[in-house]
Amino acid sequence: MTAQQVVLGEAGRVHLEPAPHVTVERATDVLLAPVYMGICGSDVHVLHGRHPFAEPPVVTGHEVVARVVETGPAVTAVAAGDLAVVNPLVWCGECARCRTGLVNQCANAAVRGFKVPGLARGRVVVDARYCHRVPAGLDAGTAVLTEPLAVGWHATGRAPVLDRVLVIGAGPVGLAVLWALRRRGAGAVTVVESFAG
């Protein structure tokens, strides 16, 4: 059976198409079989041609939990059979920011599912540096929330004071921010959301 990939196509269409065959080739490669995918609001923006830097067609998928199928000989972070989440930010490792450890500010960064193909494929190979083992006891349906929760955690960690906080938007990321604020012991938190009536 040919592996498939999910493509956000033109004119707001989503379709399946054959995916390229992938194998472990480098010592740090990890072959993954995605189990769950999140659908982000930014994916919807791509689909409708309203994303600021991504245009269809594109293979979608940046929120994923996957089963490790095989690893290269240098991989120690995960092993075959593990559940893993994937950091969707692809960094170069060579620019000045990467060399100082600021990979999240890479001058050549790309995000899977936007500037580079995403993870919504039957099989996908990524470098081990992007893989994080899911802790024992955490199910895949919960682990798929890792990326949006990480966004909320990072955002709240940038605020110098959390005495009074306003969160604009109660979508998934807004709720992730709310969760992180509570975990960080924030004071008064107000969440504002518009509702169609």
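For Cys98, all conditions in the list (1) assigned to a strand (DSSP E or B); (2) in contact with a Phe, Trp or Tyr (Cβ under 6 Å, 6 or more places away or on another chain); (3) not β-branched (Val, Ile, Thr) hold save one; what is the number of the exception?
Failing condition for Cys98: (1).
Yes/no per residue for (1) in contact with a helix residue (DSSP H, G or I) (Cβ under 7 Å, 6 or more places away or on another chain); (2) under 28 Å from Thr142 (Cα atoms):
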| residue | (1), (2) |
| --- | --- |
| Gln5 | no, yes |
| Leu8 | yes, yes |
| Ala11 | no, no |
| Leu16 | no, yes |
| Ala27 | no, no |
| Leu31 | no, yes |
| Val44 | no, yes |
| Gly49 | no, no |
| Pro57 | yes, no |
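Tell me, yes or no, whether the stretch 37-53 has at least one residue that is touching a His at 6+ places or on another chain (Cβ under 7 Å), more than 15 Å from Ala3 (Cβ to Cβ) and small (Gly, Ala, Ser).
Start the filter on the stretch 37-53 by keeping residues that are touching a His at 6+ places or on another chain (Cβ under 7 Å), which leaves 40, 42, 45, 51.
From what's left, more than 15 Å from Ala3 (Cβ to Cβ): 40, 42, 45, 51.
Right, trim to small (Gly, Ala, Ser) and you get 42.
Yes: the stretch 37-53 contains one or more residues that are touching a His at 6+ places or on another chain (Cβ under 7 Å), more than 15 Å from Ala3 (Cβ to Cβ) and small (Gly, Ala, Ser).
Inspect all residues belonging to the stretch 48-58 and state whether any of them is modelled with pLDDT under 95, among the β-branched types (Val, Ile, Thr), in a strand (DSSP E or B) and crowded, with 20+ Cβ neighbours inside 10 Å.
Going residue by residue through the stretch 48-58, those that are modelled with pLDDT under 95 are 48-58.
Next, from what is left, pick out any that are among the β-branched types (Val, Ile, Thr): 58.
Next cut, in a strand (DSSP E or B) only: 58.
If we keep only those that are crowded, with 20+ Cβ neighbours inside 10 Å too, we end up with 58.
Yes, the stretch 48-58 contains at least one residue that is modelled with pLDDT under 95, among the β-branched types (Val, Ile, Thr), in a strand (DSSP E or B) and crowded, with 20+ Cβ neighbours inside 10 Å.
For the stretch 1-47, give me each residue that is closer than 20 Å to Asp127 by Cβ, among the hydroxyl-bearing types (Ser, Thr, Tyr) and surrounded by 14 or more Cβ atoms within 10 Å (Cβ to Cβ). Spell out the reasoning first.
First, pick out the residues of the stretch 1-47 that are closer than 20 Å to Asp127 by Cβ: 3, 5, 19-35, 37.
Okay, now just the ones that are also among the hydroxyl-bearing types (Ser, Thr, Tyr), so 23, 28.
Listed by number, the list holds a single entry, Thr28.
Would you mind finding the one in Val173, Val161, Val151, Val191 that is touching a strand residue (DSSP E or B) at 6+ places or on another chain (Cβ under 8 Å) and of a type in the set (Val, Ile, Thr)?
Details: Val173 fails: touching a strand residue (DSSP E or B) at 6+ places or on another chain (Cβ under 8 Å); Val161 fails: touching a strand residue (DSSP E or B) at 6+ places or on another chain (Cβ under 8 Å); Val151 fails: touching a strand residue (DSSP E or B) at 6+ places or on another chain (Cβ under 8 Å).
Going through Val173, Val161, Val151, Val191 in turn, just one is touching a strand residue (DSSP E or B) at 6+ places or on another chain (Cβ under 8 Å) and of a type in the set (Val, Ile, Thr): Val191.
Looking only at the stretch 59-78, filter to residues that are in contact with a Gly (Cβ under 9 Å, 6 or more places away or on another chain) and part of a loop (DSSP other than H, G, I, E, B); which one of those is surrounded by the fewest Cβ atoms within 10 Å (Cβ to Cβ)?
His62
Only one of these conditions is not met by Val126: (1) assigned by TED's automatic domain parsing to the domain that holds Leu31; (2) loosely packed, with under 15 Cβ neighbours inside 10 Å; (3) modelled with pLDDT of 95 or more; (4) not in a loop (DSSP other than H, G, I, E, B). Which number is it?
Of everything listed in (1) assigned by TED's automatic domain parsing to the domain that holds Leu31; (2) loosely packed, with under 15 Cβ neighbours inside 10 Å; (3) modelled with pLDDT of 95 or more; (4) not in a loop (DSSP other than H, G, I, E, B), Val126 misses just condition (2).
Could you tell me whether the stretch 91-99 includes any residue that is closer than 23 Å to Gly122 by Cβ and buried (at least 16 other Cβ atoms within 10 Å of the Cβ)?
Within the stretch 91-99, the first condition is being closer than 23 Å to Gly122 by Cβ, and the residues that meet it are none.
No, because not a single residue in the stretch 91-99 is closer than 23 Å to Gly122 by Cβ and buried (at least 16 other Cβ atoms within 10 Å of the Cβ).
So which residues in the stretch 103-121 are modelled with pLDDT under 95, surrounded by fewer than 16 Cβ atoms within 10 Å (Cβ to Cβ) and part of a loop (DSSP other than H, G, I, E, B)?
Matches in the stretch 103-121: Lys115 only.
The values are calculated or read from the model by the stated rules, or taken from the named source; none is laboratory data. Please read all numbers here as calculations on a predicted model, not as lab measurements. In this analysis, Cβ positions are derived from the backbone assuming ideal geometry, glycine residues included, and neighbour counts consider all displayed protein chains.
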